[in-house]
Amino acid sequence: MKLSWLLLLVLVSLSFYMTRGRKHDAVIEDNDFAEFEEFDVDDEEDAVVEDEVEEEIVPPPKKQEEQEESFDDGEEEEETMADDEFDHLTDEEEFENFDKEKDLSKGKASENLPDLQMAKVPLHLRTSWDSFYLEMLMIAGLSVYFLNFLAGKTKNSKLAQAWFSSHKELLQSQFSIVGDDGVSKEVSTDVLIKESENVYALWCSGRSCVEGMLVELKLLKRQDLINLLLRIFKPASDQIVIRVDMEPGKMDTYVMAVVQKKVVSKLHKEMNDLSLFTEKKSMEKFDIPSSYQLLTELAEAPIALLDKRVCQMLTKYDGIIEYIHISDRFSGPKLQQEDSQPTKMPETKPCILFCFNLPTKGKTRTTDMENLKPLIHLVFAFIDKVSRFQLTREAHIRAEKNRQKAEEQFLKAAHNQRQERAQQKREDKRRMEKERLMSEEDPDKARRLEEREQRRDAKRKQPKMKMMKIKSM
């Protein structure tokens, strides 16, 4: 028995060493550069010991079938080892239950770690000049807008300064103060106020019958590229608007205007005094172009003011003179404020307004400003005519009646507006009470509120009785 157990132990150890030797030989055969590798001294000694053990223990001869099976198994093992590299850490014989522990550790790690995904870089973020065409277009557009702003601003400033330089002596001959800024306590002169990049103002004062004269240069918005592009389809012109404030008592009571037909409807609708007092009249009596329309309150005023010299100026500067507006009740454009409650007539003052369009439709040059001096002479001529003209007694009475009628209409409209607002407030209050009644959950309280509302309605519908006292005989 002992000999059989000893023989069995020798066979098991022999099979163990043979399998290890075959695996090691397979690895060496697969490595083409094995003959150039250097082995350590310990590995060589182990190999010598294994060779000696194999020589001492000679296994019994096997049958041919068993040899063929073992040969086939060896080839399969060699093929599998050739496909997969040998790793000592994953050897089942070296480490027991290694794969299971590894799989468990991987499973736990995969549960703890989030799923990582590769970010997909979009095409427009790749480093290429073709990807930045939109940015380049925006930079080019901003550059063009900025350059146009500088060019338009410079041109408007040059035009304003050219106008002031060419008219400075003429204005100084008519007014004692030309170019007061209205800010400093001391009187300043030769100041052209810049209200915006395209609007310049000049204030003059110190003349008989005149409180002051305001000259506004409303130039085109050349600094705005969008406005510049719109003017290609809708041409416009630079304008000079002159407002002369007359002294109280230096002008009689009448309103009239000579306006270009293309803007007469707009001006008549916007200006409060023109819409209240004036009507369109025929121009057959006056030798002026048919492109103008006369708006007047009384027939005497245009006959006296539109003399031969004025008609010649209107004919010569047809299209340049847009309107001449004379009014003793000038209050500016109508206020489009729905929430306002007017209680009295707006403040008015006697004024003369002129609007001149500069020629060449936006292509104005600095040299063109010298040719506008006759228009300033026309302004001074109208100031003298208006201050000297007096209405007849009958015309003056008609003008006063027109103003009383206009004031009554204004007060009536204001009263109606106040009544409408009060009625609207009452309706809103009644609607809120009904909503509160409908939302009331207590039936007793809701019934009391409904009864109270019914009593109010009944009291409101009762006819009002007037008590009269009768004297005893």
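The values are calculated or read from the model by the stated rules, or taken from the named source; none is laboratory data. Computed from a prediction, not measured in an experiment: that's the story for all the values here. Cβ atoms come from the backbone with ideal geometry, glycine included; neighbour counts cover every protein chain shown. What goes into the accessible areas is simple: the full protein's heavy atoms, side chains included, and nothing from ligands, DNA or RNA. Shrake-Rupley method; radii C 1.70, N 1.55, O 1.52, S 1.80 Å.
The fraction of accessible area contributed by carbon and sulfur in the range 240-323 is 49 percent, rounded to a whole number (1.4 Å probe; ligands and nucleic acids excluded). Measuring against 21 Å, Cα to Cα, the residue pairs Lys218/Lys266; Lys155/Lys363; Lys158/Lys221; Lys250/Lys280 contain Lys250/Lys280 as the ones spanning a longer distance. Figure note: Phe146, Phe380 ranked by solvent-accessible area, largest first, 1.4 Å probe, ligands and nucleic acids not counted: Phe146, Phe380.
Computed on the range 187-238, with alpha-carbon pairs under 8 angstrom and 6+ residues apart, the relative contact order is 27 percent. Only protein heavy atoms count here; under a 1.4 Å probe, Ser196 has an accessible surface of about 40 Å².
With a Cα-only, solvent-free Debye model of the range 169-244, what are the log10 I(q)/I(0) values at q = 0.18 Å⁻¹? After summing over all Cα pairs, the log10 values are -0.76.
Only protein heavy atoms count here; on that basis, with a 1.4 Å probe, Arg243 has an accessible area of about 80 Å².
Taking a ≥ b ≥ c as the square roots of the eigenvalues of the Cα gyration tensor, the range 221-263 is oblate, since a/c reaches 1.5 or more and a/b is not larger than b/c.
Rolling a 1.4 Å probe over the protein chains gives Cys311 an accessible area of about 10 Å². Compared with the alpha-carbon gap, the fully stretched path from Leu170 to Leu147 is longer by 4.7 nm at 0.36 nm per residue. Here the spin labels are modelled as points 7 Å beyond Cα on the Cα-Cβ line, and at Val263 and Asn416 they lie 3.2 nm apart. Say each of Trp129 and Thr189 gets a label point 7 Å from the Cα, pointing the same way as Cα to Cβ; how far apart are those two points in nm? Label-label distance for Trp129 and Thr189, simple model: 6.2 nm. Contact order, relative form, for the range 181-319: 16 percent (alpha carbon pairs under 8 Å, 6 or more residues apart, mean separation divided by residue count).
Between the range 359-438 and the range 246-300, the alpha-carbon centres lie 13 Å apart.
In terms of accessible area, using a 1.4 Å probe and ignoring ligands and nucleic acids, Met283, Met345 rank largest first as Met345, Met283. FRET efficiency for the pair Met136 and Asn227, taken as 1/(1 + (r/R0)^6) with r the Cβ-Cβ distance and R0 = 25 Å, rounds to 0.50.
Residues in the range 279-336 average 52 Å² of solvent-accessible surface per residue, probe 1.4 Å, ligands and nucleic acids excluded.
Computed from the C-beta positions of Gln390 and Glu211, the FRET efficiency with R₀ = 25 Å rounds to 0.80. Applying 1/(1 + (r/R0)^6) with R0 = 45 Å to the Cβ-Cβ distance of Asn371 and Thr348 gives a FRET efficiency near 0.80.
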